[in-house]
Amino acid sequence: MLRLSRLTKQMNNTAKSSILLSQNYQLKDAIITDPLPSDHLFHKSSNRFLDIYQLGNKAAIEKERARLADEMNRGYFADIAELKQHGGKIAMANKIIIPAMAAVKFPHLEVNDSKGNFLKLPIGANGNAADATATTNPKASLICLSFRASSQAMVDSWTTPFLNVFHDADNIHLYEVSFIDSWLLCRNPIKRLLLRIMRKSSTDANNALQKQIVYSFGDHYYFRKELKILNLLTGYIFLLDKFGRIRWQGSGLAAEDELSSLISCMSFLLDEK
C-alpha cells in the first residue's frame, strides 16, 4: 500500500513537471516568434487604460487622438516638397478686400515682446463698437507669422515695402510674430534669457508706424488649425480690421501685384468708418 502511494505521487509529480515543461517551451516559442505583444492584447490593455481615464476626460482623449492622426499625416518632408514646388506661395494673395460680412475673426494669440511684456493679439478686437473706436486701438493691423527662421526673408518682403508706404500712419499696428515651440526654450529661465538675447531695436524715430517684433512660446497646433496653416516653412501675412477680422491674407514672398493689393486694401480700411 505504501509503495502504491509513493508510485502515485511520483506519477503526479512527473505529470506536473511535464505540464510545466510544456508551458515553458510554449512561452519560449511565443517569445521567439512574437517578441512584441499581439495587437489584440495591446488594444485590450489600451482600452482598459482609456476606460479609466475617460471617466474624467473623454473629450480630451478624443481630441488628442485626432491631433496625433492629423500630425502623422503631415511631416517636415511634406513641407520641404511643397516649398520646392511653389517657393512657399501656398496660395495667391487676395486681389480685393474680403467683405466684412464674410470675414472671420483672427484667433486670439498670446505673445511676449523682447522686453518680456505680455500682449494679446489682436489688440482691441472684442467685437463691439466701443472697443473698436477707442483712441488706443488701431484702425487696422498687419500681422506677419513666422514659424521657422527660413521664412523671415518672406516676411521682410512684405513689411519693408509696407513700412515705406504707411510710415506716417499712427493708427496702424504692425506685428512680426515668431513662434517658438521647443520644450526647452519655453521653460521660464531659458525663455527670459532668450528674450534678452533677441532684444533688438526695430524702431525708427522718424516713423509714426513702428514694427513690433513679438514671440509666441509653446504649442500652437490649435492656433494653426483655426487659420488652416499646414506648411511651417513659409511666412503668412494677415490684414485685420479694427474688429480683428481677417480682411486680406497672403503667403510666401511678396509679388508686385500682391503688394499693390495689400496697400489698396489697407487704404480702404483706413477710410472705412
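Just so it is clear, none of the values below were taken in a lab; they were calculated from the coordinates. If you're wondering where the values come from, they're calculated on a predicted model, not measured in any experiment. Heads up, the Cβs are rebuilt from the backbone with ideal geometry, glycines too, and the neighbour counts pull from every protein chain shown.
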Over 23 Å between alpha carbons, listed pairs Lys95/Lys228; Lys105/Lys191; Lys63/Lys225; Lys89/Lys115:
Lys105/Lys191; Lys89/Lys115
Sorted by chain and then number, the residues having a modelled amide H within less than 5 Å of the amide H of Asn94, at least 5 places away or on another chain, are Gln249
Can you compute 3J(HN,Hα) from phi for each residue in the stretch 224-233, using the Karplus curve 6.51 cos²θ - 1.76 cosθ + 1.60 with θ = phi - 60°, rounded to whole Hz and x for Gly and Pro?
4, 4, 5, 8, 6, 8, 10, 7, 8, 9
What nm distance separates the two modelled labels at Glu110 and Asp168, each placed 7 Å from Cα along Cα→Cβ?
4.1
How much length would be gained if the chain were fully extended between Ala149 and Ala208, taking 0.36 nm per residue of separation minus their Cα-Cα distance, in nm to one decimal?
18.5 nm
Beta carbons within 10 angstrom, averaged per residue: use that to sort the peptides 247-254, 160-167, 188-195, highest first.
247-254, 160-167, 188-195
